[in-house]
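The values are calculated or read from the model by the stated rules, or taken from the named source; none is laboratory data. Computed from a predicted model, the values in this text were never measured in an experiment. Note that each Cβ is placed from the backbone with ideal geometry, even for glycine, and that neighbours are counted across all protein chains shown. Each accessible area value is taken on the protein alone, full model and side chains, heavy atoms only, with ligands, DNA and RNA left out. Shrake-Rupley method; radii C 1.70, N 1.55, O 1.52, S 1.80 Å.
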Amino acid sequence: VEAHLQELLAEHITTLGEGWTLIRREYPTAIGPVDILCRDASGQTVAVEIKRRGEIDGVEQLTRYLELLNRDPLLAPVRGGFAAQEIKPQARVLAADRGIDCVTLDYDALRGIKREDTLF
């Protein structure tokens, strides 16, 4: 599911905000690839880590990526986004403490599937 979430979010990057643009999926770093690297509407670089269930370890992973990416003068400043179908309260607290934004993803909406409990 995580790989499909990443693919769908890359295809629909404006889910994160109007005017956002994709730089690259699986952006390489010395410690592993960042799921999505993009720019927000103001042009700032954003590294997005995607999980099915967002827990503290995912926030820690993103923090390590941000430390590396912010050393690159072509990308810096880089801020973080933590995206998941469900984000644990402890992960939200840690992310907020580190200045990382959290986004809850609706897998069905990204796939274009209308839920039965909605009118439209």
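Which numbered condition in (1) of a type outside the set (A, V, I, L, M); (2) under 21 Å from H12 (Cβ atoms); (3) not in a strand (DSSP E or B) is the only one that R52 fails?
Answer for R52: the failing condition is (3).
Applying the selection to region 62-79, what residues are without any contact (Cβ under 8 Å) to a residue 12 or more places away in the chain and not in a helix (DSSP H, G or I)? Please lay out each step first, then the result.
Of the residues in region 62-79, the ones without any contact (Cβ under 8 Å) to a residue 12 or more places away in the chain are 67, 70-74.
Within region 62-79, N70, R71, D72, P73, L74 meet the criteria.
Within region 87-120, track down each residue that is at pLDDT 95 or above, charged (D, E, K, R) and over 12 Å from the mean Cα position of the chain (by Cα).
Across region 87-120, the qualifying residues are K88, R92, D97, R98.
Of all residues in region 1-44, how many are part of a loop (DSSP other than H, G, I, E, B) and either out of contact with any Cys (no Cβ under 9 Å at 6 or more places or on another chain) or of a type in the set (S, T, Y) (or both)?
The initial filter retains those residues of region 1-44 that are part of a loop (DSSP other than H, G, I, E, B), namely 1, 12, 16-20, 28-33, 40-44.
Then drop every residue that is not either out of contact with any Cys (no Cβ under 9 Å at 6 or more places or on another chain) or of a type in the set (S, T, Y) (or both), which leaves 1, 12, 17-19, 28-33, 40-44.
Summing the residues that are part of a loop (DSSP other than H, G, I, E, B) and either out of contact with any Cys (no Cβ under 9 Å at 6 or more places or on another chain) or of a type in the set (S, T, Y) (or both) in region 1-44 gives 16.
Tell me, which residue of region 41-56 that is small (G, A, S) and surrounded by 12 or more Cβ atoms within 10 Å (Cβ to Cβ) is farthest from the chain's Cα centre (by Cα)?
A41
On the given criteria, is R71 closer than 16 Å to I13 by Cβ and more than 15 Å from the chain's Cα centre (by Cα)?
Here the answer is no, as R71 does not meet what is asked.
Check off (1) more than 22 Å from R111 (Cβ to Cβ); (2) assigned to a strand (DSSP E or B); (3) under 12 Å from the mean Cα position of the chain (by Cα) for V59 and give me the number that stays unchecked.
Of the numbered conditions (1) more than 22 Å from R111 (Cβ to Cβ); (2) assigned to a strand (DSSP E or B); (3) under 12 Å from the mean Cα position of the chain (by Cα), the odd one out for V59 is (2).
Among the numbered conditions (1) closer than 25 Å to P28 by Cα; (2) open to solvent by less than 90 Å² (accessible area, probe 1.4 Å); (3) in a strand (DSSP E or B), tell me where E86 comes up short.
(1)
Which pairs turn up if I take residues in region 13-40 that are open to solvent by less than 80 Å² (accessible area, probe 1.4 Å) and look for partners that are among the basic types (K, R) with beta carbon separation below 6 Å, at least 6 apart in sequence or on another chain?
So the pair list comes out as T21/R39; I36/R25; L37/R24.
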